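*Asks:* I'd like to ask some things about the structure below.
The values are calculated or read from the model by the stated rules, or taken from the named source; none is laboratory data. Since the model is a prediction, treat every value here as computed from it, not as a measurement. Here the Cβ is made from the backbone with ideal geometry for all residues, glycine too, and neighbour counts use every protein chain on show.
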Amino acid sequence: MRQELLADPTFRAEVAREKVLMAQIDLTAARHASGMTQEAVAAEMGKSQENVSRIERQRDVRVSTLVQFVQAQGGQLEINAIFPDKRVSLMRAAGSSVRSSGSRG
């Protein structure tokens, strides 16, 4: 029965979706890497320190919020889909390059 479930593309897609929902983005680690405090990020974002704290603790963050959060620290956000034979840029900041490690034939 387990093999049948694992062979079912719908089941595998649902499992993958659940794993994504369970994943947590570590925005606090990103902020620490930038060397900025919540107060400094908040000032750059035009938000309160409490709001930045809430953003860092959120389990599901909007992409627009991620972009603003990273840009407030002087960074650029890139989102890539990694496949066995290639990487596809789903979102990249202006000036970034598309990286590909092969093509599907």
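*Asks:* Would you mind telling me which numbered condition in (1) at pLDDT below 95; (2) surrounded by 11 or more Cβ atoms within 10 Å (Cβ to Cβ); (3) among the polar types (S, T, N, Q); (4) over 13 Å from the mean Cα position of the chain (by Cα) T10 fails?
*Replies:* The one condition T10 does not meet is (2).
Here is a yes/no grid of residues against (1) at pLDDT 90 or above; (2) over 17 Å from the mean Cα position of the chain (by Cα); (3) loosely packed, with under 12 Cβ neighbours inside 10 Å; (4) under 16 Å from A29 (Cα atoms):
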position: K47; (1), (2), (3), (4): yes, yes, no, no
position: V61; (1), (2), (3), (4): no, no, no, yes
position: V67; (1), (2), (3), (4): yes, no, no, yes
position: I79; (1), (2), (3), (4): yes, no, no, no
position: M91; (1), (2), (3), (4): no, no, no, no
position: G102; (1), (2), (3), (4): no, yes, yes, no
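*Asks:* Another question, if that's okay. Filter the stretch 14-39 down to residues that are among the hydrophobic types (A, V, I, L, M, F, W, C) and more than 17 Å from R54 (Cβ to Cβ) and give me whichever is modelled with the lowest pLDDT.
*Replies:* So the residue we want is M22.
*Asks:* Sticking with this one: Among the helices (runs of 4 or more DSSP H) lying completely within the stretch 1-72, list those that include at least 1 residues that are charged (D, E, K, R).
*Replies:* 2-7, 9-22, 27-34, 38-45, 49-57
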